[in-house]
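What follows is a single structure, written as structure tokens, with notes after it.
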Amino acid sequence: MASHTKPPVKPSAGPSTGPSTRPRVRLPRLRVAAVTGTLCAALVAGAGPAALAAHAAPTPPPDPFKGLTADQIADKAVTATQSATSLRLAGRVVSGGQPLDVDFSVNDHHQCTGVVRLSGGAAELRQTGTVTYMKGDEAFWRASMTSQGMPEPQIEATIELLKGRWLKIPQGQPGTEDLTGVCDLKALLADLGRNKAERTGLTRGPDGQVKGTPVATVVKRKTTGETTTVSVSQRGKPYILRMVKRGGSEPGVVVLSDYDKPVKVVAPPADQTVDLSKLEQGNSTPA
């Protein structure tokens, strides 16, 4: 931000900041694409070691997929999963050589709530309507801003400003596209069946269980050594319940649960938030 736009701001606590250290929050690149990419790649491509996808079921249930090929099972799983009105997504993916842990619930009304962890830090995430809220600890903000090349004085001032507060992120704020995308269930699932040509040549793995639910598994093994496992519910709708991607540059494990259950999101109190749009204008007062 140019130094002539407004006078230096002072965080609500801590030392004053000069023009070169004015708190200006750059949202962390959470690489939500890594999460959705793992999700979509698994549903498009197939699966990996069956032992990682499901535990052996003690009593096999009647097979609802009897007579279907693995490709046909995958088609049914994609259709069912795309019809969900809400779900919970939890797991770990690797992007850029760094692990990213996520655990959040999202519905088809642009509402979500959950936690993101990376580089030893954590942040809570909430979205309701057109506003996203994020509350990170010091380690989270420091890792996020350092990775984007922010100078140390600016990082310190911003961390002090956000200590114990939620960052309020209005829709359309530059640089927030990844954050709003993670709370858009329809967009999250839109790509699942887009490339059907790649969802062929699957094989069926051993049946098993995911959190007590009987599942079928479908498997895809690439010539590059990358394998992906998709576990499909054999009870009720054939929802995707777990995906395991092994090998390649972005391995990961994602578990899907709580399909079609209500997602309750409560916006933080106004006096506990800092508005990102006001920060960008040089105003650091709570929203």
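With each label modelled as a point 7 angstrom along the Cα→C-beta vector, the residue 98-residue 66 pair spans 5.1 nm.
Straight-line cross-link partners of residue 163 among the lysines, defined as a Cα under 24 Å from its Cα and at least 8 positions apart when in the same chain: 6, 10, 135, 278. Label separation (residue 139 vs residue 79): 4.6 nm, computed from points 7 Å beyond Cα along the C-beta direction. Between residue 257 and residue 115, the modelled label-to-label distance comes to 1.4 nm, taking each label 7 Å out from Cα in the direction of the beta carbon. Taken over the Cα atoms of region 77-177, the convex hull encloses 121 Å³ per residue. Ignoring aspartates and glutamates fewer than eight residues from residue 261 along the same chain, the ones with Cα atoms less than 14 angstrom from its Cα are 108. Among 200-211, 156-167, sorting by the average number of other beta carbon atoms lying within 10 angstrom of each residue, highest first, gives 156-167, 200-211. On the basis of the beta-carbon distance and an R0 of 30 Å, residue 152 and residue 271 show a calculated FRET efficiency of 0.55.
Any read-out appearing in this document is the output of simple, stated calculations on the displayed coordinates, not a laboratory observation. Everything numeric here is computed off the predicted structure, so don't read it as measured data. Reconstructed Cβ throughout: ideal geometry from the backbone, glycine too, with neighbour counts over all protein chains shown.
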